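The values are calculated or read from the model by the stated rules, or taken from the named source; none is laboratory data. Just so it is clear, the model here is predicted, and its values are computed rather than measured. Heads up, the Cβs are rebuilt from the backbone with ideal geometry, glycines too, and the neighbour counts pull from every protein chain shown. For the accessible areas, the whole protein counts, side chains as well, though only heavy atoms, and no ligand, DNA or RNA atoms are used. Shrake-Rupley method; radii C 1.70, N 1.55, O 1.52, S 1.80 Å.
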Amino acid sequence: MSKSAKTLVVWAIYILGAGITLFAFPNALLRVSRLSPTEEPWIRIMGVLAICLGYIYLRAGLGDVRACFEWTIHTRVALLCLFIALVFAGLAPWQLILFGIVDFLGAVWTWWTMRGEAER
């Protein structure tokens with residue numbers, strides 16, 4: 001398994017963990033993030049989407065699907081930009097940016113490993 005594939009597998013585990021938490025124990029994650037608890041179904045729906053995305057990341061990493069690695073870099077960077085836009089528009093709490101930063105750092109990690117592999 002390439003180093004860049006490992007970054008995606010690690011990222012998949014992170015996303016799967018977040019998705020399972022949002023699906024099964026949504027308010028625990030919200031409390032830790034200092035966000036208001038909710039009983040609305042959207043939070044569990046987001047958990048399901050995260051689980052599905054985590055599965056795709058896991059399969060892409062295990063299959064060393066390099067094109068998918070690049071796509072995840074694009075989407076993880078876009079996620080931070082969109083979260084910042086939501087916060088500055090007053091539509092989301094500032095804590096959302098913290099989640100975006102984690103995604104951005106994961107994208108940088110994947111990009112850095114892919115870059116190093118390409119130079120060899």
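Restricting attention to region 80-95 and to residues that are surrounded by fewer than 19 Cβ atoms within 10 Å (Cβ to Cβ) and assigned to a helix (DSSP H, G or I), the residue that is farthest from the chain's Cα centre (by Cα) turns out to be 88.
With respect to residue 104, is the statement that it is closer than 30 Å to residue 1 by Cβ, of a type in the set (A, V, I, L, M, F, W, C), open to solvent by less than 70 Å² (accessible area, probe 1.4 Å) and in a helix (DSSP H, G or I) true? Criteria not met by residue 104. Would you call residue 58 aliphatic (A, V, I, L, M), closer than 17 Å to residue 6 by Cβ, modelled with pLDDT of 95 or more and in contact with a helix residue (DSSP H, G or I) (Cβ under 6 Å, 6 or more places away or on another chain)? Considered against the rule, which asks whether it is aliphatic (A, V, I, L, M), closer than 17 Å to residue 6 by Cβ, modelled with pLDDT of 95 or more and in contact with a helix residue (DSSP H, G or I) (Cβ under 6 Å, 6 or more places away or on another chain), residue 58 comes out as yes.
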